[in-house]
1. When both residues are 6+ apart or on different chains and their Cβ atoms are under 8 Å apart, which pairs have a first residue that lies in the stretch 14-36 and is without any contact (Cβ under 8 Å) to a residue 60 or more places away in the chain and of a type in the set (A, V, I, L, M, F, W, C), and a second that is surrounded by 10 or more Cβ atoms within 10 Å (Cβ to Cβ) and not in a helix (DSSP H, G or I)?
2. Just to be sure, is Tyr65 at pLDDT 85 or above and part of a helix (DSSP H, G or I)?
3. Conditions: (1) surrounded by 13 or more Cβ atoms within 10 Å (Cβ to Cβ); (2) assigned to a helix (DSSP H, G or I); (3) of a type in the set (A, V, I, L, M). Val20 meets all but one. Number of the miss?
4. Can you pull out the residues in the stretch 23-57 that are among the hydrophobic types (A, V, I, L, M, F, W, C) and assigned to a helix (DSSP H, G or I)?
Amino acid sequence: MIEKLKVTYEKIMDKYMQKVNLKKEQKEREDISGELLSLISEAKENLNAARNNFNFASDDSLLEYRIYELKAAESRLGYFLKMAKEKNISNDAVKILPCEEGSACL
């Protein structure tokens, strides 16, 4: 009788621990998803700022810097979007904004 109770208790505890672990994993995924979406949103803002800076650059040396800044912003956003795709994370924030005429696009 005691052995049956032990086995039943162990089964119940195993199921409970599986649920607890599943909830922990789900919480961690949600945290990662939220952080990644936040980074994507920030990277999109940086890209838009870099596009605007590029469009208003007048000096040749400043233009070179603005090109570098624009390429860096594009690469950063591309990296975060790739991570989101690999982790099957989607949201309105993941959508890429349309390019303005005459500016660099992803």
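1. Ile32/Lys87; Leu36/Lys87; Leu36/Ile89
2. Against the criterion (at pLDDT 85 or above and part of a helix (DSSP H, G or I)), Tyr65 qualifies.
3. All conditions are met except number (1).
4. First, the residues of the stretch 23-57 that are among the hydrophobic types (A, V, I, L, M, F, W, C): 32, 36-37, 39-40, 43, 47, 49-50, 54, 56-57.
Residues satisfying the conditions are Ile32, Leu36, Leu37, Leu39, Ile40, Ala43, Leu47, Ala49, Ala50, Phe54.
The values are calculated or read from the model by the stated rules, or taken from the named source; none is laboratory data. Computed from a prediction, not measured in an experiment: that's the story for all the values here. Backbone-built Cβ (ideal geometry, glycine too); neighbour counts: all protein chains shown.
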